[in-house]
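Engineer: A single structure is presented below for examination.
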Amino acid sequence: MLKSLRISFKVKRLAIIPSEFISEGFETIDTHKINMKRISKNIAIALLGIMVWTLSKETYAQCKADNSSPVKGEFEISGVKIKGDGGLLSTASNNIPIKICEGELINLKSTLPIYSLSNVNYWIIPLNNYNSLASPPSSFSSAADGYTTLNGDVDIKMIDKSTSNPQGFSAYSTAGKYVITQYDNSDSKAGGPGRHHACQVIEIIKATTPDVQFNTCSGGQVITKFLSTANNNYENYNIKYILPTGFQPFDTTGKIATYPFDFKNVSNLSGYSSVKIEVKGVTKTGGCPAPASPLQTISLNSAVVNPLTLTSIVGTTLKGEFKLAVTADNGIKRNVYMRDPSINNFFDYTAPFKSYTSSATSGVDSNFVQVPDGSKVYCFQTEAIDGSCASSFVSNPALRSNELCTTLIDVKAENNKNVITWSQALGGGLINANFVNYIIEKYRPDGSLDKILNSTPKANETSFTDSDVTCGLEYAYKVTTRYPLKSISQFVKVKAISNTIPPKLDFVFVNVQDDKLRIQNFFPVGQTPLNIPLNSYKYYKSNTYNGAYSLANTGNSFFDDTNVDVSKQSYCYYMSWVNLCNVESSPSDKICSVYLKADGANLKWTSQSPITANIDSYKVIRVKPNSPNPASDLFPLELGATINNYDTNIIKEDQGQEIFVRIEARPVGYSATTSSVLNTPTSNTVRLFRPSFSLVPQIFTPNGDGFNDKFIVKGMFIKNLKMSIYDRWGNVIYYNEETNYPYIKQQNDNESLLVGWNGIMNNGIRAIEGSYAYKIEIEDTIGQITSKEGALLLAY
């Protein structure tokens, strides 16, 4: 517990009921239904808890009744006497908050005649915490966030307690409603059981500058308007008028029930040309250090009521709503008149359609009107009122404005065009004579001006056709009738329609990508894409070029078809698109994926084009799996568009034994600068395996004549070689093993470079003529091992 000379604090945290659970409609509860004579104290408390938790906001306090004390407690809050607890009555003063400024010093003083002041206690609790209590606090253990005093007289500030603010209280967190509870356990000179309870709700408000506006009227009248803002939350207000002579009269508003509120000066300001005005909020305790509103100099008796000019009438985005722009002096009251041209003639106005006070700060103000029927034309006129700020006025035709009529617009979407029509210029007097032109404007969907479609000076031209539209897009239009005063129609939006079949897609291709096929529409460089909506492409598929096609997908400009086996066959497609009017285009030309297969040493691929554009040529491309550069033009031969096969025997041995290849289809106009994966479709990848083969002569003659002097192995892609020679009894008479066997063709042709048996056995003795058996084991360049056995004939 924190202690000072006169004040001590005790903090006990309670659950706080969120303010949104306390209803502003609480005061409407029929409190006579709660009969304290018939319902016990516990039931009353339960009902109170239910009401507090189920309502959305609170509007007045619920000081809890303590019926056990025949003598109610009494105390003062800065001289304002508090007596008893008020019970559940919304009309009880205890339950009507006393407004006190944040930081304001107030005095709490017991006024009940008692024998001892040492037992007088006070607690200050946030209202939500208080409402959560089951009964009024009667001791420190049942109170929360409070303080006590020994002499029943203490000064506190409505602020958080701290070292710099020792007179604050620890329960304070923010401006809002709190409850001050007095409880004493001393015998009263007025009798009673020795304890007394009193309660009062206070509302701590932030000391703020009042939000006001000033309107001047003839006769030295000033109206101070208190706006409906959070700053205007005081009990009442003092308005000080500082006159040039130094005389300073002031007015007091009294309690304001609802905002905004207009206060007309009571003090006599007539005879002065100007006045300075200061407005300050006041609370009931009277000690609020509230700041005054900024000092403003107001001119008096200088307001001249001039005739008005209705400069424009402009349609808003709401059907039937228009904004009137009127020249005016600030603070002048006005009447707005409206007529229906189909019923009333020019200037045939009766009662005002609307009345208001100008708040113009630049010589022109705007006011909104809602016409009865948004499909009809209406005319308007305004009138200035010199009523000396009275509540009723006498119409003065001399102060009426000119007349302006609304411009009615209608837009209809027809096939590939929007037709705009509008009402002909209306008005009497000089209005028709001053007609200038109609201006038709077109706006983009985001509200920005697209272009001015037309400007016609002919009053009887009331239609225009806009053919520059795209099916399904939304456009907005408005028409301005110039006199030169402006009558601008409302915005009218319309979506363009069309029943024209959209053109087909001209550049569609299908490309093999790993194990899937990508079908895509592509726009070549320099060609403007069509206005195609998202997710509007349709993809149709068949297993054969002339087969039955069915819808395979709907989506954006490409489709990855994974329901394929690119290593087994070709698949055919065509594309279309649906415009914003849900009309499907003509189908594109059919395309088929390039399917490549190896037939022995011959490569063959399908003849149907993978591109809707013409094929210029095909090219065989070598693929390097798992390489940063997966493709290389190792085969320079480009094949014509009608060639669909390729003989791999022309590939040199030095290109390797195992080769991966695919076919690239190049469209007409292909060049290195325009090439890309997108516009040069490729086939599936095929593995070419060229087997190593050996040619072993059945007879050799090692006689030194340089021809057929060795028993050797000839072939391609041989890496390692093992050779064994057996006599007729199965004994190995010769064995040799060679790594990095020369397998290039040029080396195969030179027997002197090759390893073989020259008829000399491993023991160095020349073998005799006759038949021998051999066994040869060959490992090729990709690690495959082949064995060959047979018989040979040695002759000299």
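Engineer: So for segment 533-584, Kirkwood radius off the Cα pairs, Stokes-Einstein at 10 °C and 1.306 mPa s: how many µm² s⁻¹?
Structural biologist: Details: Rh = 11.9 Å.
This corresponds to a translational diffusion coefficient of 133 µm²/s.
Engineer: What ³J(HN,Hα) values, in whole Hz, does the Karplus curve 6.51 cos²θ - 1.76 cosθ + 1.60 give for segment 124-130 when θ = phi - 60°, with x put for Gly and Pro?
Structural biologist: The phi angles translate into 10, 10, x, 4, 5, 5, 4 Hz.
Engineer: Ranking request for peptides 783-796, 557-570: highest mean number of other beta-carbon atoms within 10 Å first, then the rest in descending order.
Structural biologist: Values: 783-796: 12.4, 557-570: 15.5.
Ranking the peptides 783-796, 557-570 by packing returns 557-570, 783-796.
Engineer: Moving to a separate point now. What residues have an amide H closer than 5 Å to that of ASN236, excluding those fewer than 5 places away on the same chain, when H is modeled at 1.01 Å from N in the peptide plane?
Structural biologist: Placed amide hydrogens put VAL282 under 5 Å from ASN236.
Engineer: For segment 549-662, rounded, prolate or oblate, judged on the Cα gyration tensor with a ≥ b ≥ c (square roots of eigenvalues), a/c < 1.5 rounded, else prolate if a/b > b/c? Please report the intermediate quantities before stating the final value.
Structural biologist: On the way: a/c = 2.57, a/b = 2.18, b/c = 1.18.
Because a/c hits 1.5 or more and a/b exceeds b/c, segment 549-662 counts as prolate.
Engineer: Per-residue counts of other Cβ atoms within 10 Å, averaged by peptide: what ranking do you get for 111-123, 333-345, highest first? List each step's numbers first, then the result.
Structural biologist: Working: 111-123: 18.1, 333-345: 16.5.
Per-residue mean Cβ counts within 10 Å order the peptides as 111-123, 333-345.
Engineer: How large is Rg over Rh for segment 190-339, taking Rg from the Cα atoms and Rh as the Kirkwood inverse mean of 1/r across Cα pairs?
Structural biologist: Working: Rg = 21.7 Å, Rh = 18.8 Å.
Ratio of gyration radius to Kirkwood radius for segment 190-339: 1.16.
Engineer: Counting heavy atoms of the protein chains only and a 1.4 Å probe, report the per residue accessible area for segment 231-316 as a whole number of Å². All intermediate terms of the calculation are to be shown ahead of the outcome.
Structural biologist: Numbers: 4200 Å² over 86 residues.
With the other protein chains kept in place, segment 231-316 gives 49 Å² per residue.
Engineer: Report the local net charge at VAL668: Lys and Arg +1, Asp and Glu -1, summed over other residues whose C-beta lies under 13 Å from its C-beta. Mind dumping the intermediate values first?
Structural biologist: Values: positive: ARG666; negative: ASP506, ASP616.
That works out to -1.
Engineer: What does the accessible area per residue of segment 156-195 come to in Å², with a 1.4 Å probe and no ligands, DNA or RNA counted? Please report the intermediate quantities before stating the final value.
Structural biologist: Numbers: 1680 Å² over 40 residues.
Solvent-accessible surface per residue comes out at 42 Å².
Engineer: To continue, here is another question. Please turn the phi angles of segment 75-83 into ³J(HN,Hα) values with the Karplus equation 6.51 cos²θ - 1.76 cosθ + 1.60 (θ = phi - 60°), one per residue in order, whole Hz, x for glycine and proline.
Structural biologist: Along segment 75-83, the couplings run 7, 10, 10, 6, x, 8, 6, 10, 10 Hz.
Engineer: When only alpha-carbon atoms are used, what values of Rg and Dmax, in angstrom, describe segment 485-578?
Structural biologist: When restricted to Cα atoms, segment 485-578 yields Rg and Dmax of 19.1, 77 Å.
Engineer: To continue, here is another question. Considering only C-alpha atoms, what is the centroid distance from segment 75-130 to segment 441-481, in Å?
Structural biologist: One Cα centre to the other: 70 Å.
Engineer: Ranked highest first by the average count of other Cβ atoms within 10 Å around their residues, in what order do 99-106, 154-161 fall? Don't skip to the answer; put the middle values down first.
Structural biologist: Values: 99-106: 21.5, 154-161: 19.5.
Order by mean packing, descending: 99-106, 154-161.
Engineer: Read phi for every residue in segment 237-249 and hand back ³J(HN,Hα) as whole Hz from Karplus 6.51 cos²θ - 1.76 cosθ + 1.60, θ = phi - 60°, with x for Gly and Pro.
Structural biologist: Each residue's phi maps through the Karplus curve to give 9, 9, 10, 9, 10, 9, 8, x, 7, x, 5, 10, x Hz.
Engineer: Scaled to the compact-protein estimate 2.2 N^0.38 Å, what is the alpha-carbon radius of gyration of segment 150-247, rounded to two decimal places? Before the final figure, lay out each step's value.
Structural biologist: Details: Rg = 21.6 Å, N = 98, 2.2 N^0.38 = 12.6 Å.
In units of the globular-protein estimate, segment 150-247 measures up at 1.72.
Engineer: Accessible area per residue of segment 456-542 at 1.4 Å probe, in Å²?
Structural biologist: 50 Å²
Engineer: Based on the alpha-carbon gyration tensor of segment 423-513, what equivalent-ellipsoid semi-axes (square roots of 5 times the eigenvalues) come out, in whole Å, largest first?
Structural biologist: Working: eigenvalues 337, 32, 19 Å².
Sorted largest first and rounded, they come to 41, 13, 10 Å.
Engineer: Something else: On the Cα set of segment 66-122, report Rg and Dmax in Å, please.
Structural biologist: 12.8, 36
Engineer: Still on this structure, I have one more. Distance between the C-alpha centers of segment 190-266 and segment 754-769? Whole Å please.
Structural biologist: What the calculation gives is 131 Å, centre to centre.
The values are calculated or read from the model by the stated rules, or taken from the named source; none is laboratory data. As the structure is a computational prediction, the values presented were derived from the model and not from experiment. With ideal geometry, Cβ positions are generated from the backbone for all residues, glycine too; neighbour counts draw on all protein chains shown. Just the protein is used for accessible areas: all its heavy atoms, side chains included, with ligands, DNA and RNA removed. Shrake-Rupley method; radii C 1.70, N 1.55, O 1.52, S 1.80 Å.
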